[in-house]
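Here's the structure, in structure tokens; my notes come after.
The values are calculated or read from the model by the stated rules, or taken from the named source; none is laboratory data. Worth saying up front: this structure is predicted, and the values here are computed from it rather than measured. Counting neighbours? That spans all protein chains shown, and the Cβs are built from the backbone with ideal geometry, glycine included.
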Amino acid sequence: MTTTRFAPSPTGYIHIGNLRTALFNYLIARKAGGQFILRLDDTDPERSKQEYADAIMEDLEWLGLTWDRVEKQSDRLDRYQAAADELRASGRLYECFETPVELDLKRKKQLNMGKPPVYDRSGLHLSDAEREALRQERGAGHWRFKLDHERIEWTDGILGDLSIDAASVSDPVLIRGDGQFLYTPASVCDDIDFGITNVVRGSDHVTNTATQIQIIKALGGNVPEFAHHSLLTGPQGEALSKRLGTLSLRDLRAQGLEPMAILSHMARLGSSDPIELRTTMDELIDGFDLSKFGSAPTKFDLEDLRPLTAKYIGTLPYEAVADLLAETGVPADIAPAFWEAVRGNLETRADVADWWALCRDGADPMIAPEDVGFVATAKELLPAQPWTTDSWKEWTTAVKQATGRKGRGLFMPLRKALSGRDYGPDMSHLMPLLQNHRL
Ligand code: GLU
């Protein structure tokens with residue numbers, strides 16, 4: 001069965017870049033009728049926090065990206081230990097004692113000599129006596145996986161045929177000196193045990209994939225299909241990494257952006273398909289095709305989410321917002337008509353409060369100096385309340401006859417005078433909703 005996972009580390013809030021990864025994996029699983037697993041990569045006890053794990057789940061739920069199963073790496077340390085023992089027994093795991101400073105120095109020397117900064121495997125060549133002496137002197141070492149020096153090849157779902165020379169990559173550290181398992185062994189064990197068939201993640205993971213393929217094989221697991229999506233940049237192509245802090249899903253929610261707008265955008269951005277608003281998850285799932293995504297960095301502009309949000313809100317039927325309107329104080333008898341009138345004029349749902357305030361209290365007239373006389377004449381001709389959908393027509397016809405004005409020169413000053421704004425719903429629909437006016 002097609003099984004995918006989204007594997008955030010609960011060390012912070014998830015942002016728009018994480019969402020892209022989550023969404024692709026979600027859509028692949030759902031399209032295939034498979035399973036989508038939420039995996040919390042919480043092997044780092046200092047940085048992982050329950051509050052972030054909770055926030056990640058809340059954000060995914062808000063978006064409607066439901067998972068079939070949730071797993072925590074911190075629950076699986078015994079399994080990682082067993083895998084480490086297995087690799088040790090097969091000679092694929094070896095202990096090293098260099099400090100970070102020493103490793104850094106080695107790397108600098110290699111770079112100075114024009115060589116790639118690949119770990120020199122000193123740890124692998126220690127004699128038992130040397131190893132024991134180092135342990136006495138420095139305490140337990142960290143453990144590296146011994147890569148087979150061959151080419152690692154796979155057909156990437158987005159990048160196509162890839163081939164990485166294992167000799168150009170350092171043997172990855174799997175276990176720290178303090179015994180903490182790092183992301184790599186945990187991720188590999190989980191991908192094997194949970195039967196992960198497809199892994200989509202950012203292109204910053206390409207080298208990890210190469211080493212993980214060897215570790216999966218060393219542990220006798222099945223290698224999933226890998227795909228690496230491009231990373232997001234800002235609208236000018238600038239790196240987004242520093243700004244991602246302000247692009248958390250919580251921020252987007254706080255700004256009133258709609259889940260379906262965000263999902264519609266992100267499920268197509270960077271692909272050869274046009275970005276169009278989709279109003280249901282099923283439509284997004286049906287149209288999703290990973291092979292349509294390109295490898296070039298993908299420009300993301302937060303502003304693009306605003307028109308899609310407005311458009312989405314405009315599609316909502318009254319039933320979808322009945323609660324919101326009731327909370328805003330719109331009386332139930334006029335709420336459906338109110339919604340029909342204003343829904344095409346909202347940037348976010350929060351805007352209903354402004355339109356309702358206008359309907360309830362009226363607004364100070366907006367009158368340009370050159371229209372003062374005109375508006376005074378119009379005021380005399382204003383039909384008596386209660387107004388109906390015919391009242392606007394009646395009024396404008398009367399004003400037209402009295403003043404000779406027509407078109408925009410007639411309608412716009414009247415709109416501004418009555419609603420205090422130069423934009424908004426069809427006045428025929430707005431007028432009957434105005435409980436008060438200040439003209
Ligand atoms: N926790 C890892 C990350 O957020 C997961 C990477 C993966 O998908 O394997 O980068």
Within region 164-194, the residues that are out of contact with any helix residue (DSSP H, G or I) (no Cβ under 8 Å at 6 or more places or on another chain), more than 25 Å from Arg138 (Cβ to Cβ) and away from the ligand (no atom under 15 Å from the Cβ) are Asp165, Ala167, Ser168
In this structure, does Ala22 turn out to be part of a helix (DSSP H, G or I), touching a Pro at 6+ places or on another chain (Cβ under 7 Å) and either modelled with pLDDT of 95 or more or within 13 Å of the ligand (Cβ to nearest atom) (or both)? no
Among residues of region 101-131, those that are closer than 23 Å to Gln212 by Cα, within 37 Å of the chain's Cα centre (by Cα) and not aliphatic (A, V, I, L, M), counted: 4
Sort out which residues of region 29-74 are in contact (Cβ under 8 Å) with a residue 24 or more places away in the chain, of a type in the set (D, E, K, R) and assigned to a loop (DSSP other than H, G, I, E, B), and write them in order of number. Asp41, Asp42, Asp44, Arg47, Lys49, Asp68
Go through region 301-345 and give me each residue that's buried (at least 19 other Cβ atoms within 10 Å of the Cβ), touching a residue at least 40 places away in the same chain (Cβ under 8 Å) and within 19 Å of Ala254 (Cα to Cα). Leu305, Leu308, Thr309, Tyr312, Ile313
Report yes if some residue within region 5-14 is of a type in the set (Phe, Trp, Tyr), away from the ligand (no atom under 13 Å from the Cβ) and either surrounded by 23 or more Cβ atoms within 10 Å (Cβ to Cβ) or part of a helix (DSSP H, G or I) (or both); otherwise report no. no
Within region 120-134, the residues that are outside any helix (DSSP H, G or I) and closer than 17 Å to Gly91 by Cβ are Arg121, Leu126, Ser127
Residue in region 205-215 that is within 16 Å of the ligand (Cβ to nearest atom), surrounded by fewer than 16 Cβ atoms within 10 Å (Cβ to Cβ) and either farther than 16 Å from Phe24 by Cβ or touching a residue at least 60 places away in the same chain (Cβ under 8 Å) (or both) present: yes
Given the conditions (1) among the hydrophobic types (A, V, I, L, M, F, W, C); (2) out of contact with any Ser or Thr (no Cβ under 7 Å at 6 or more places or on another chain); (3) not in a helix (DSSP H, G or I), which single one is not true for Ala363? (2)
Filter region 217-230 for residues that are away from the ligand (no atom under 12 Å from the Cβ) and either of a type in the set (Val, Ile, Thr) or in a loop (DSSP other than H, G, I, E, B) (or both) and give the result. Leu219, Gly220, Gly221, Asn222, Val223, Ser230
Any idea how many residues of region 198-218 are closer than 18 Å to Pro8 by Cα and not aliphatic (A, V, I, L, M)? 9
